[in-house]
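**Q** Questions regarding the structure given below will be posed in turn.
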Amino acid sequence: MIAELLAPAGSYDAFRAALSAGADAIYLGGNRFGARAYAQNFDEKTLVTAIDEAHMHGKKVYLTVNTLFKDSEINDLYTYLLPYYKEGLDAVIVQDPGALKLIRERFPDMHVHASTQMTVSGVHSAKLLEKTGVTRIVPPRELSLREIRKIHKETCLEIECFVHGALCYCYSGQCLMSSFIGGRSGNRGKCAQPCRLPYETFEGAKKVSKENNSYALNTKDICTLEILPELIEAGVYSFKIEGRMKRPEYTAGVTAVYRKYIDIIEKGGRYSVQKEDIKFLYDLFNRDGFSKSYYYTHNGPELMALENRKASAGDVRRTDELYKYINENIIAEERKKELSARAEVTADHAVMTVTDGQYSFTAISQEVQPALNRALDEDTVRKQLIKSGGTVFNVDLETVEITGNVFMTVKALNGLRRDALAGFERTLLDNYKRNADDISVKQITAGVISETSTMRSGESTAETAGDSFRKPAVAVSVLTKEQLEAAVLRDDIETVYIPYRFFQEYRDVDLKAVSLVKKSGKNAYIKLPAVTREADGKGYQAFIETAANKGCGFLAGSVEDIALLIETGHADVCRADSGFYMMNAESISFRRSYGILKDTVPLELNESEISRRDNSESELIVYGRVPLMVSAGCIRKNYGKCTKDYPVSQLRDRKGYIFPVYADCSICQNTIYNSLPLSLISKKNSLEKYGFQSFRFDFTDETAGRMNEVLDMWASENTVKEDFAYTRGHYTRGVE
């Protein structure tokens, strides 16, 4: 197999449709822990049936457990996966580092695929996951073919890439927009897709969007049919179709078209895509047409559906006709497994052997009698033994040998056939099934909290802090020179985070900002980009080494940067930012196992969950605009031209809320911030009980004066209520 065709199934009907259309593998979700909580999904009985059905046809099933786990959930993961593991589930798809750790420990022989939600954006992160036992990665859709090719050349990992369907505006796994605006978290499988809504877009006071192009975050669906050979050449093994929320007809139609062209490639035929096949896909679903994703384009308006025209050739009737055609010609075509067979009847017994070339089974019947009147003939045997209605088999009875004057009843022949087919099915499926008896009791009953933790499950940090209580330190993250200069003058700040873009935007090649912070007696840390890619520029690793040699630490939110720091021996000066999700104790244990110094509390935990977390090596963000989206797209470029001057844009939604958009031109990346800053300032007294190592203030557009006012509120001996508009984020509500 040159390439695997991987189809989505949000329901059992979609699963059957994908099989009928020629998928090599199907990814689907169970009734928990999947990133499409609103799909129909599969209960245990149906999922076990689907696994067996796929295996009967030589196909694979991958189960999505690609959400973030709370401590109250992660212990359930073992018992949730166990029946599917035993049935022979081919792989699980994961996002959560803790889930990855737990699965590798408790199901060591099951394949684990790193979800695109993990944002495995380069060679360093790919190598790190390969060492942990991951066998396949689904890199961000934003990667170019060059970047994918490099990962392929430098690792032994399988690479799975999206080839058709919806395209997120944000790097998957780095999106909090739906979570913070409406409480429906994409990291928990409940994204409300605010990126598909209209926004007024401004550059300063100038409105640059119009009524007919106001869908600023709405990307076109992707269609890569024309570049499949290039994807294979770059090292892509699995071609993934997006669409677990789509109808079975969509799944079948898209799968059938891609099956056609993968077969052409595998047979070595001349590769040329027919226009009618593109039109067929276009009519099934599109947004302002198609794009080829980011494989050849870093960003730009050609990737965007700013007008949001979703019409299937402008004709709903045409879509209905397509669905009718797909149902009658693809889905309704019953997929059968071809078996060859031979039969032999003697005076002692009858034998039927069936095989698919790999597995075989022989059934024996003793119900043979001497012929009293009419002897058994080949036509009678053949007629009964090739019947396979109600099964998944087609039987080709190649030879029939009858020795002597013998007889068998029709009932006996039918029983022989049923025994042969049932025995073959058991033989084939038993080959996939696993024995879970060798999984140790210690692994099964491992507690919620890691052995390296000082907490017991269910205890709050406040209850266990005791005499070890130490007032948490204060850290600030700055974005401007003015903020930096104000920060070094304050005695109550222990650590200053300087963004990587600072050294590009202000041409600070000598790292003077680092020296300024260190001379003031504070810890200097460089806040690395939320997503780092190989293509972000030469000298990135050299910059890391130079900064480390100057006594600087690093705040890293991407698994790529964390892997790079581990690889280069700087894990002990690395702090994990909130984008590297430490949602549960298993994740914290994962971090510690690599020597990472400290983590940042995820922004989607509520107070109750935070209070029961091990915060002894953690920092809590208590103020600042939350980054809702990190994108390779550029608002300025989509509505005008690339200016490379670090512009700030604004998006205004239908309710009048304004979301600042900062462009980091050093790495061609946009960050959309929340309309209101998060503030937990008036919660200071309760927060100090939860055992944090430090509290962080993230400043973006504040002046130095405003920055000092905010810090003074926190420093006050008395409880101070915020004097500005703010949000508590998920501190009081949390996510489901």
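**Q** Return the unpartnered cysteines for the chain, using a Cβ-Cβ cut-off of under 4.7 Å.
**A** Unpaired cysteines in the chain: CYS156, CYS161, CYS168, CYS191, CYS195, CYS223, CYS552, CYS574, CYS634, CYS642, CYS665, CYS668.
**Q** To continue, here is another question. Give me the lysines in straight-line cross-link reach of LYS383: C-alpha distance below 21 Å, same-chain residues under 8 apart excluded.
**A** Counting by Cα, and skipping residues close in sequence, LYS383 has these lysines nearby: LYS336, LYS337, LYS411.
**Q** If the chain between ALA375 and ASP701 were fully stretched, how many nm would it gain, using 0.36 nm times the residue separation less the Cα-Cα distance?
**A** Values: separation 326, 0.36 × 326 = 117.36 nm, distance 9.55 nm.
Length difference between fully extended and current span is 107.8 nm.
**Q** Using the number of other C-beta atoms within 10 angstrom as an exposure proxy, rank MET110, MET583 with the fewest first. It would help to have the intermediate numbers written out before the result.
**A** On the way: MET110 20, MET583 27.
Fewest-to-most Cβ neighbours within 10 Å comes out as MET110, MET583.
**Q** Taking only C-alpha pairs under 8 Å that are 6+ residues apart, what is the relative contact order of segment 142-219 in percent?
**A** Details: 66 pairs, mean separation 17.1, N = 78.
Reported as a whole number, the value is 22 percent.
**Q** Give me HIS298, HIS55, HIS113 sorted ascending by neighbouring Cβ count inside 10 Å, so fewest comes first.
**A** On the way: HIS298 15, HIS55 21, HIS113 26.
So the ranking, lowest neighbour count to highest, is HIS298, HIS55, HIS113.
**Q** Return, for the Cα atoms of segment 616-658, the radius of gyration and Dmax in Å, separated by a comma.
**A** 15.1, 48
**Q** How high is the relative contact order of segment 337-432? Use alpha-carbon pairs under 8 Å, at least six apart in sequence, and give a whole percent. All intermediate terms of the calculation are to be shown ahead of the outcome.
**A** Values: 178 pairs, mean separation 36.3, N = 96.
Value for segment 337-432: 38 percent.
**Q** How big, in percent, is the set of alpha carbon pairs in the chain lying more than 41 Å apart? If you can, show how the numbers build up before the last one.
**A** Details: 101093 of 270480 pairs.
In whole percent, the share of Cα-Cα pairs in the chain beyond 41 Å is 37.
**Q** Okay, moving on. Would you list, by chain and number, the lysines whose Cα falls below 22 Å from the Cα of LYS86, excluding same-chain residues fewer than 8 positions away?
**A** Cα-Cα hits under 22 Å: LYS45, LYS59, LYS60, LYS101, LYS433, LYS442.
**Q** Could you state the number of Å between the C-alpha centres of segment 226-256 and segment 569-642?
**A** The two parts, judged by their Cα centres, are 32 Å apart.
**Q** Further question on the same structure: Of LYS527/LYS689; LYS220/LYS279; LYS512/LYS598; LYS527/LYS641; LYS131/LYS598, which sit over 18 Å apart, Cα to Cα?
**A** LYS527/LYS689; LYS512/LYS598; LYS527/LYS641; LYS131/LYS598
**Q** Quick one: in segment 337-432, what % of C-alpha pairs are over 14 Å apart? Walk me through the numbers before you get to the answer.
**A** Values: 2839 of 4560 pairs.
Value for segment 337-432: 62 percent of Cα pairs lie more than 14 Å apart.
**Q** Another question, then. Could you tell me the relative contact order of the chain? Use alpha-carbon pairs under 8 Å, at least six residues apart, and round to a whole percent.
**A** On the way: 1521 pairs, mean separation 105.6, N = 736.
In percent, rounded to a whole number, it is 14.
Coordinate-derived values only; no laboratory data. From a predicted model like this one, the values you see are computed outputs, not experimental measurements. Here the Cβ is made from the backbone with ideal geometry for all residues, glycine too, and neighbour counts use every protein chain on show.
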